[in-house]
Structures are given as C-alpha cells and as structure tokens.
2 protein chains.
Amino acid sequence: MLTKNNTKFIKSLQLKKFRQKEGLFTVEGAKNTLELLNSSYKLKYLILSEDFLNRHQKEINSSEIEPILVKEKELSALGAFQTNTDALAVVHEKTPLTYHSKSFDLVLDDIRDPGNLGTIIRLADWYGIQNVICSDTTAEFYNPKVISASMGSIFRTNLYRRDLKEFLAENKKRKIYGALLEGKNVHQVKFKANGLLVIGNESHGIHPELISLITDSVTIPKIGHAESLNAAMATAIICDNVFRKH
Amino acid sequence: MLTKNNTKFIKSLQLKKFRQKEGLFTVEGAKNTLELLNSSYKLKYLILSEDFLNRHQKEINSSEIEPILVKEKELSALGAFQTNTDALAVVHEKTPLTYHSKSFDLVLDDIRDPGNLGTIIRLADWYGIQNVICSDTTAEFYNPKVISASMGSIFRTNLYRRDLKEFLAENKKRKIYGALLEGKNVHQVKFKANGLLVIGNESHGIHPELISLITDSVTIPKIGHAESLNAAMATAIICDNVFRKH
C-alpha cells in the first residue's frame, strides 16, 4: 500500500530540485519500466497496476524489490503523465561515470529541450552509440520528458556532464565533427570510427568558443527553403551517414 | 489598442473547438510571424510589441493590415507560449486544396504528436517537398505547437487532409514507399522522383489496411538496441536518402 507520505514524496520528484536533493528520479509507463527492470539501475519503489503485474509477472519477479499494487487512477495521479496506468518506479541516480571511450560518440552542446535530448538518446541507442557527453546547460537527464522520449534507451546509454571546452581539448587527437550550416556535404564525409559529433543548441547552434575545436564541419544538403533543421533530426541524418556502408 | 473582448476572443483560439468554429488560428513569435508576413495567408489581427515593430518596420509595412501595439507582458499573456514577447497574429485558415502533384510527397498516417507534425513540415520544407497529405487522425494543422515547431515552414507547405486508403488507391500507379521495420535497406533503395513516402503512427506504425497499398517497404539499418526510432527522425533519415545524389 502507498501511504500519504509516500505519495507526497513521489510527487515531489516531478521537480528537479527534489530529484537532485534525493538523488532519485521516476520512470513511468510500461515500455520504460520494463527496460528499467532489465537494466543495472537500482530501484527504491516499484508501483504497479494489477493488470500490468499480471501481464509481466516474469520481469517483475526478477526485480529485487517488492512491488506496491495500486489502482490505475492512483497511478496516473502519481506521475507526470496522466495517461500512465501501468507502472511507475522510483530509481536511484547512477554515480557519474568517467569517460574512457574511443568509439564514435555524441557531444551535445546546450540541447535545452527535454524531448530532443530523449529522442537523441533513443537515436544513439539505435546506432549503438554508447556515450553521450552533455554540456552543463543541456537538459537534465532525469527530467520525466527525457526519460519518456528515450523509450527505455536511457538505461542502455552512458550519459556524462562535462565542460565541453575541456572535454574537446582532452580529445583533440580525434576527429571532432560539428553540425554547422556551412561545412562539407555530409554525403561526402568519410567519418572516422573514433570520431566525436558535436550538436549545437536548437536556436543558436554550437557555441563560438567550441567552434575552433571542431576539426570537420559537416552540413546536410538543403533543397528547399527552411532555414534550418530541428537539432534532433539533424543528429539523426548525420548518424545515418556515419554508420552507413558506402 | 486591444479591447477586453478582443483579448478574450484571441485567447479562445487556443482551443481547437474555437479555431474550427471561426476558421482562424494564431501564430506566435518573431520567426513564425515574419514568415507569415511573407506568405499568402490573410491576417485578421497583427499584434506587436514596440520593440518588434522597430526591428521589422519594413516587413510590417508590407502587410495589408494595421498592427496593434501592446506591452510585452500583454503579448505573453495572449498566446500559448509565455516566452513570446514579439508578435502574435490571428490568421484565416486556407481553403482546403485539391491534390494534383506528381512530385515526391509525404503521407502521414496518424501522426498524433503536434511537435512531430511541425518538425516533419519543417523537414519537408528543407528538402523542397511541397505536399504533405495527412490522415484524419493526424494532429490538427493549426495547433499552436505544430505552428511553433514548423518554424515558419507551414506557410510554404501544402497540407491536405484525406482518407489515406482512398488517396493511396488513387495514386497506385506511383511508387508508394512505407517506413516499416522489415523492409529493404533504405541505403540501397533507388527512390523514384514521383514517389510517395508513408510514415505511420508513433506507437503503432502504419495501419494494417494501408500496408497492402505500399509497393516498397523501406527500413533504416539498426546497429544498437532501441526498438524503433521516433517517427519524425525516421522521416528525416529516409528523406535524406531520397534526395541524396548517390
């Protein structure tokens, strides 16, 4: 059973302030909860509707904690998404990782929109990109909209928060690709397997102080009239070009 | 000056019910308003901050209607986006068009998320795709989030609402490409210049009743683990492959 205090506590985690104070965040919905149960994240609470429990006995039994059963309407009142009548988990944040990778990774400079960050994480997971390095100003990883948009991919992706000027300087021996409006046609770039791809802010692009650290500017050819593409879409198109067999 | 009745009327247009009753919608923000002024859409009201008027005298003078000046905080209270302190226009919907195109066009089967619809319209405009044909269940064209996400591209794109089964049957002599999880590798497809690309619903993909009308299924190769890609991102990747010079 869920006490009044539990309910209040879980609802408080919708605010970044409380997530950061407690080192906890919430995961909502069937897809994300199932992916979570399949990951190494540690759970504090697992709250389910009876229907969800019946449908996913096996996955739920494999979890180390005892689920709390609630009515569907209690569930939808508990989280950020009122359409969720399946499951909600309260999860411990992971300790920040130290970056050691030499594979192709993404660098996000000031991606503010949680939906964009979430879909970019999902995209990274699609292409097998394991690491996403984010500027301090990029959206919070554990914002409910990031988790929802990532569709479970957030539990398979290593996320780092770094000063990007410092990070790129440390990695200056690698190719550092940047999505810019006046670079080489992305269709003609031969991407290196250990490269980094820098994606800039939705409105202002890559910060001027990072531009000088970019070794290869790449551009998606335009035929029509839109001034630019959505940052997440541009990331998708470039990644498809990075990983295609020419 | 803006009367109390005007304010009430404009605010009512945030609801679909009133937009449809009046045949009017609102456009907010600097970028979208400037693109609107450059289009053939007819304005009912043009409401500006003094600062915006001073920055864009020329574009505003070219409009056929007299702008109404308001304080910035009045502007941000008037629309759906509180960050807007530049401009808000009330615009007449266009009469639905009849489709006659033989160029490469997009067909959206049940794209529910207004942000996805808006960014797909922006993408279409980037690639010079002039027509986007939408199922009845696809998001409303004049939802403020669609207009905002389109970044002005909605004023350069022809939007149609059709029964897609009927529409595809009428166009059965053309190649009808569909984004599906088990189709031909998109990197190996030679797209026809008069083809149609069908994109399915965010959760359920293309409706079964349309699948039989698809002549060529295409798939984006996956390397990692995500189950699927966001619908708008998948559209972006496929369009880049349609328009690339191999």
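Summary table below
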item: For residues of A:231-241, the mean tally of beta carbons on other chains within 10 Å; result: 6
item: For the range B:114-187 and the range B:1-52, distance of Cα centres in Å; result: 24
item: Most mobile listed residue (A:Ile199, A:Ile65, A:Ile121) in chain A, GNM with C-alpha springs under 10 Å; result: A:Ile65
item: Exam field: A:Ala30 pseudo-label spacings to other copies (7 Å along Cα-Cβ), nanometres; result: 4.6
item: Gyration tensor (Cα) of chain B, equivalent ellipsoid semi-axes in angstrom; result: 37, 17, 17
item: Shape category assigned to the range A:105-243 from the gyration tensor of Cα positions, a/c cut at 1.5; result: rounded
item: Relative contact order (%) - the range A:1-155, alpha-carbon pairs under 8 angstrom, separation at least six; result: 28
item: Amide H contacts of B:Arg161 (H built 1.01 Å from N, under 5 Å, at least 5 apart or other chain); result: B:Cys134
item: Shape of the range A:4-92, Cα gyration tensor, a/c cut at 1.5; result: oblate
item: Two-decimal log10 I(q)/I(0) for the range A:180-227, as the Debye equation yields it once each C-alpha is a single scatterer, q = 0.22, 0.29 Å⁻¹; result: -0.92, -1.28
item: Across the identical copies, how the A:His100 labels are spaced - nm, sorted shortest first, 7 Å along Cα→Cβ; result: 6.6
item: Prolate/oblate/rounded label for the protein assembly as shown (Cα gyration tensor, a/c 1.5); result: rounded
item: A:Thr215 paired with A:Lys8, simple spin-label distance in nm, labels 7 Å along Cα-to-beta-carbon; result: 5.6
item: Degrees separating the helix B:114-126 axis from the principal Cα axis of chain B, which is the longest one; result: 80
item: Most to least accessible of B:His207, A:His187, B:His225 (protein chains only, probe 1.4 Å); result: B:His225, B:His207, A:His187
item: Local electrostatic count, A:Gln20, Cβ distance below 9 Å [Lys/Arg +1, Asp/Glu -1]; result: +1
item: Listed residue (B:Asn230, B:Gly200, B:Asn171) projecting farthest to the positive dipole end of chain B, Cβ model; result: B:Asn171
item: Rounded to whole Hz, the Karplus (6.51, -1.76, 1.60) HN-Hα couplings of the range A:204-217, x for glycine and proline; result: 10, x, 6, 4, x, 5, 9, 4, 5, 8, 7, 8, 9, 7
item: Whichever aspartates and glutamates have a C-alpha closer than 19 Å to that of B:Lys173, once near sequence neighbours (fewer than 8 apart) are set aside; result: B:Asp105, B:Asp163, B:Glu209, B:Asp216
item: Test item: Cα-centred dipole of the range B:4-92, Lys/Arg +1 and Asp/Glu -1 on Cβ, debye; result: 520
item: Theoretical ellipticity at 222 nm over chain B - DSSP helices of four or more residues, -39500 (n - 2.57) apiece, nearest 500; result: -9500 deg cm²/dmol
item: Net charge dipole size for chain B [Lys, Arg +1 and Asp, Glu -1 on Cβ; Debye, nearest 20]; result: 400
item: Cleavage-rule hits, chymotrypsin sites (Phe, Trp or Tyr not before Pro), the range B:102-132, DSSP coil, Cβ neighbours within 10 Å at most 11; result: none
item: Lysines whose Cα lies under 22 Å from that of B:Lys11, excluding same-chain neighbours fewer than 8 positions away; result: B:Lys21, B:Lys31, B:Lys42, B:Lys44, B:Lys71, B:Lys73, B:Lys94, B:Lys145
item: Phi to ³J(HN,Hα) by Karplus 6.51 cos²θ - 1.76 cosθ + 1.60 over the range B:223-228, Hz, x for Gly, Pro; result: 10, x, 10, 4, 6, 7
item: Label 7 Å beyond Cα on the Cβ vector: A:Lys8 copy-to-copy distances, nm; result: 4.0
item: Cross-link table A:Lys102/A:Lys172; A:Lys222/B:Lys165; A:Lys192/B:Lys190; B:Lys16/B:Lys58, entries beyond 21 Å C-alpha to C-alpha; result: A:Lys222/B:Lys165; A:Lys192/B:Lys190; B:Lys16/B:Lys58
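The values are calculated or read from the model by the stated rules, or taken from the named source; none is laboratory data. Note that the coordinates shown come from a computational prediction; the quantities given were computed from them, not determined experimentally. Glycine gets a Cβ as well: all are built from the backbone with ideal geometry, and neighbour counts include every protein chain shown. Only protein heavy atoms, including side chains, enter the accessible area calculation; ligands, DNA and RNA are left aside. Shrake-Rupley method; radii C 1.70, N 1.55, O 1.52, S 1.80 Å.
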